[in-house]
1. Probe radius 1.4 Å, ligands and nucleic acids ignored: give me the carbon and sulfur share of the accessible area of segment 80-199 as a rounded percent.
2. To the nearest 10 square angstrom, what accessible area does Glu17 show with a 1.4 Å probe?
3. Taking a 1.4 Å probe, which of Phe116, Phe35 shows the most accessible area, and what order do the others take after it?
4. Just the accessible area per residue of segment 6-122, please: how many Å² with a 1.4 Å probe?
5. Report the full-extension gain for the segment Glu22 to Ala62: residue separation times 0.36 nm, less the Cα-Cα distance, to one decimal in nm.
6. Treat segment 1-96 as a sphere of radius equal to its Kirkwood radius over Cα pairs and apply Stokes-Einstein at 20 °C in a medium of 1.002 mPa s; give the translational diffusion coefficient in µm²/s, rounded to a whole number.
7. Given labels modelled 7 Å from the Cα in the Cβ direction, how far is it in nm from Ser109 to Arg15?
8. Please report how far the C-alpha centroid of segment 102-174 lies from that of segment 27-70, rounded to the nearest whole angstrom.
Amino acid sequence: TWKGARAALLDAWHRREISNFEYLMELNTLAGRTFNDLNQYPVFPWVLCDYTSEELDLSNAASFRDLSKPMGAQKPDCAAQVAERYEVSLSMQQQTGDRPFHYGSHYSSAGVVMYFLIRLEPFSTLAIQLHDGVFDHADRLFHSVDTTYANATSSTADVKELIPELFCLPEALLNPNRLELGRRQDGTALGDIVLPPWA
(Lines give C-alpha, C1' and ligand atoms only; values in the text may rest on other atoms or scores of the structure.)
Protein backbone atom coordinates (compact mmCIF):
# COMPACT_ATOMS: atom_id res chain seq x y z
CA THR A 1 0.00 0.00 0.00
CA TRP A 2 1.00 3.63 -0.43
CA LYS A 3 1.02 4.24 3.34
CA GLY A 4 3.24 1.21 3.92
CA ALA A 5 5.69 2.26 1.20
CA ARG A 6 5.77 5.80 2.60
CA ALA A 7 6.39 4.52 6.14
CA ALA A 8 9.23 2.25 4.96
CA LEU A 9 10.75 5.11 3.01
CA LEU A 10 10.56 7.45 5.99
CA ASP A 11 12.13 4.80 8.20
CA ALA A 12 15.03 4.30 5.76
CA TRP A 13 15.56 8.07 5.63
CA HIS A 14 15.53 8.34 9.44
CA ARG A 15 18.14 5.56 9.64
CA ARG A 16 20.22 7.47 7.05
CA GLU A 17 20.13 4.55 4.65
CA ILE A 18 19.10 6.95 1.88
CA SER A 19 20.05 10.55 1.20
CA ASN A 20 17.71 13.54 1.27
CA PHE A 21 17.82 13.54 -2.53
CA GLU A 22 16.85 9.86 -2.75
CA TYR A 23 14.09 10.37 -0.16
CA LEU A 24 12.57 13.27 -2.11
CA MET A 25 12.82 11.38 -5.42
CA GLU A 26 11.02 8.39 -3.89
CA LEU A 27 8.30 10.66 -2.46
CA ASN A 28 7.83 12.12 -5.93
CA THR A 29 7.54 8.63 -7.41
CA LEU A 30 4.99 7.61 -4.77
CA ALA A 31 3.02 10.75 -5.64
CA GLY A 32 2.94 9.75 -9.32
CA ARG A 33 5.42 12.36 -10.49
CA THR A 34 7.70 11.39 -13.35
CA PHE A 35 10.36 12.80 -15.68
CA ASN A 36 8.15 11.56 -18.55
CA ASP A 37 5.43 14.19 -18.00
CA LEU A 38 6.38 17.86 -17.75
CA ASN A 39 3.10 18.61 -15.98
CA GLN A 40 3.77 15.96 -13.32
CA TYR A 41 7.53 16.53 -13.09
CA PRO A 42 9.34 15.79 -9.81
CA VAL A 43 9.31 18.71 -7.36
CA PHE A 44 12.03 19.65 -4.90
CA PRO A 45 11.57 22.39 -2.30
CA TRP A 46 13.52 25.57 -1.93
CA VAL A 47 15.41 24.74 1.28
CA LEU A 48 17.50 27.86 1.76
CA CYS A 49 16.30 31.46 1.79
CA ASP A 50 19.63 33.28 1.95
CA TYR A 51 20.82 33.96 -1.57
CA THR A 52 22.56 37.28 -0.90
CA SER A 53 25.19 36.68 1.82
CA GLU A 54 28.88 36.40 1.04
CA GLU A 55 29.02 33.33 3.28
CA LEU A 56 26.19 30.91 3.99
CA ASP A 57 25.72 30.23 7.69
CA LEU A 58 24.09 26.81 7.98
CA SER A 59 24.03 27.10 11.77
CA ASN A 60 21.62 30.04 11.48
CA ALA A 61 17.96 29.03 11.27
CA ALA A 62 17.27 32.26 9.35
CA SER A 63 19.25 30.82 6.40
CA PHE A 64 16.49 28.27 5.80
CA ARG A 65 13.06 28.59 4.25
CA ASP A 66 10.03 27.78 6.41
CA LEU A 67 9.07 24.37 5.03
CA SER A 68 5.77 24.41 6.93
CA LYS A 69 4.46 27.02 4.48
CA PRO A 70 4.14 27.06 0.69
CA MET A 71 6.27 29.48 -1.31
CA GLY A 72 3.38 31.90 -1.71
CA ALA A 73 3.03 32.27 2.06
CA GLN A 74 6.66 32.73 3.10
CA LYS A 75 6.09 36.43 3.77
CA PRO A 76 3.22 37.66 5.98
CA ASP A 77 1.86 40.09 3.37
CA CYS A 78 1.68 37.35 0.72
CA ALA A 79 0.12 34.93 3.21
CA ALA A 80 -2.57 37.55 3.93
CA GLN A 81 -3.23 38.01 0.19
CA VAL A 82 -3.56 34.24 -0.23
CA ALA A 83 -6.00 33.99 2.68
CA GLU A 84 -8.05 36.87 1.27
CA ARG A 85 -8.11 35.26 -2.20
CA TYR A 86 -9.42 32.06 -0.65
CA GLU A 87 -12.19 33.90 1.21
CA VAL A 88 -13.22 35.77 -1.95
CA SER A 89 -13.26 32.56 -4.01
CA LEU A 90 -15.22 30.84 -1.24
CA SER A 91 -17.84 33.61 -1.24
CA MET A 92 -18.07 33.42 -5.07
CA GLN A 93 -18.39 29.64 -5.15
CA GLN A 94 -22.19 29.60 -5.48
CA GLN A 95 -22.14 32.11 -8.35
CA THR A 96 -19.26 30.62 -10.32
CA GLY A 97 -19.50 26.96 -9.39
CA ASP A 98 -15.71 26.93 -9.01
CA ARG A 99 -14.04 25.37 -6.03
CA PRO A 100 -12.39 27.84 -3.62
CA PHE A 101 -8.65 28.25 -4.12
CA HIS A 102 -5.63 29.86 -2.53
CA TYR A 103 -3.44 30.20 -5.62
CA GLY A 104 -4.21 31.01 -9.22
CA SER A 105 -0.97 29.42 -10.40
CA HIS A 106 0.80 26.16 -9.62
CA TYR A 107 4.13 25.43 -7.95
CA SER A 108 4.98 22.95 -10.71
CA SER A 109 4.06 22.85 -14.39
CA ALA A 110 5.59 22.29 -17.81
CA GLY A 111 6.36 26.02 -17.89
CA VAL A 112 8.28 25.81 -14.61
CA VAL A 113 10.36 22.87 -15.89
CA MET A 114 11.19 24.72 -19.11
CA TYR A 115 11.97 27.86 -17.10
CA PHE A 116 14.70 26.07 -15.16
CA LEU A 117 16.02 23.87 -17.99
CA ILE A 118 15.74 26.26 -20.95
CA ARG A 119 19.50 26.16 -21.55
CA LEU A 120 19.45 22.40 -22.19
CA GLU A 121 17.84 20.33 -24.94
CA PRO A 122 15.14 19.24 -25.47
CA PHE A 123 13.84 22.01 -23.20
CA SER A 124 15.31 24.80 -25.36
CA THR A 125 13.35 23.57 -28.36
CA LEU A 126 10.20 23.04 -26.29
CA ALA A 127 10.42 26.59 -24.93
CA ILE A 128 10.80 27.99 -28.45
CA GLN A 129 7.79 25.97 -29.63
CA LEU A 130 5.75 27.25 -26.68
CA HIS A 131 6.46 30.85 -27.70
CA ASP A 132 5.74 30.57 -31.42
CA GLY A 133 9.31 30.08 -32.62
CA VAL A 134 11.23 32.40 -30.29
CA PHE A 135 12.42 32.42 -26.70
CA ASP A 136 10.23 34.28 -24.23
CA HIS A 137 11.27 37.83 -23.26
CA ALA A 138 14.64 37.76 -21.46
CA ASP A 139 13.19 39.36 -18.32
CA ARG A 140 10.93 36.32 -17.89
CA LEU A 141 13.69 33.71 -18.30
CA PHE A 142 15.74 32.09 -15.53
CA HIS A 143 18.59 34.48 -14.90
CA SER A 144 19.46 34.46 -11.18
CA VAL A 145 18.85 32.14 -8.23
CA ASP A 146 18.35 35.12 -5.92
CA THR A 147 15.88 36.86 -8.24
CA THR A 148 13.92 33.66 -8.80
CA TYR A 149 13.64 33.03 -5.06
CA ALA A 150 12.67 36.65 -4.41
CA ASN A 151 9.93 36.46 -7.05
CA ALA A 152 8.60 33.14 -5.72
CA THR A 153 8.31 34.57 -2.20
CA SER A 154 6.95 38.02 -3.00
CA SER A 155 4.29 37.30 -5.60
CA THR A 156 1.23 35.13 -5.18
CA ALA A 157 1.29 34.57 -8.96
CA ASP A 158 4.80 33.05 -8.99
CA VAL A 159 5.04 30.31 -6.39
CA LYS A 160 7.36 27.88 -8.19
CA GLU A 161 9.29 25.22 -6.36
CA LEU A 162 12.50 23.67 -7.68
CA ILE A 163 13.27 20.60 -9.79
CA PRO A 164 15.78 17.80 -9.05
CA GLU A 165 18.26 18.89 -11.72
CA LEU A 166 19.11 22.02 -9.76
CA PHE A 167 20.55 19.74 -7.07
CA CYS A 168 22.46 17.33 -9.32
CA LEU A 169 23.01 18.75 -12.81
CA PRO A 170 25.34 21.77 -12.83
CA GLU A 171 24.90 22.12 -16.60
CA ALA A 172 21.38 23.41 -15.89
CA LEU A 173 23.03 26.53 -14.44
CA LEU A 174 25.24 27.08 -17.47
CA ASN A 175 24.59 27.96 -21.08
CA PRO A 176 26.69 25.18 -22.64
CA ASN A 177 25.04 25.57 -26.07
CA ARG A 178 25.64 29.33 -26.07
CA LEU A 179 22.00 30.04 -26.78
CA GLU A 180 21.04 33.60 -27.70
CA LEU A 181 18.53 34.18 -24.91
CA GLY A 182 18.33 37.93 -25.35
CA ARG A 183 18.95 40.90 -23.08
CA ARG A 184 17.08 41.95 -19.99
CA GLN A 185 15.63 45.48 -19.75
CA ASP A 186 18.72 46.57 -17.82
CA GLY A 187 20.89 45.52 -20.79
CA THR A 188 22.24 42.33 -19.21
CA ALA A 189 22.76 39.57 -21.78
CA LEU A 190 21.52 36.20 -20.54
CA GLY A 191 24.12 33.49 -20.32
CA ASP A 192 24.96 31.37 -17.29
CA ILE A 193 22.78 31.63 -14.20
CA VAL A 194 23.86 34.23 -11.63
CA LEU A 195 24.63 32.30 -8.46
CA PRO A 196 24.50 33.57 -4.88
CA PRO A 197 27.73 35.20 -3.64
CA TRP A 198 28.36 32.26 -1.26
CA ALA A 199 28.31 29.83 -4.19
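The values are calculated or read from the model by the stated rules, or taken from the named source; none is laboratory data. Computed from a predicted model, the values in this text were never measured in an experiment. Ideal geometry is used to build each Cβ from the backbone, glycine not excepted, and the neighbour counts take in all protein chains shown. Please note that ligands, DNA and RNA were not included when accessible areas were found on the heavy atoms of the full protein model with its side chains. Shrake-Rupley method; radii C 1.70, N 1.55, O 1.52, S 1.80 Å.
1. The computed percentage sits at 52.
2. Roughly 110 Å² of Glu17 is accessible to a 1.4 Å probe.
3. Phe35, Phe116
4. Per-residue accessible area for segment 6-122 comes out at 63 Å².
5. 11.9 nm
6. For these conditions, the coefficient is 128 µm²/s.
7. 4.2
8. 14
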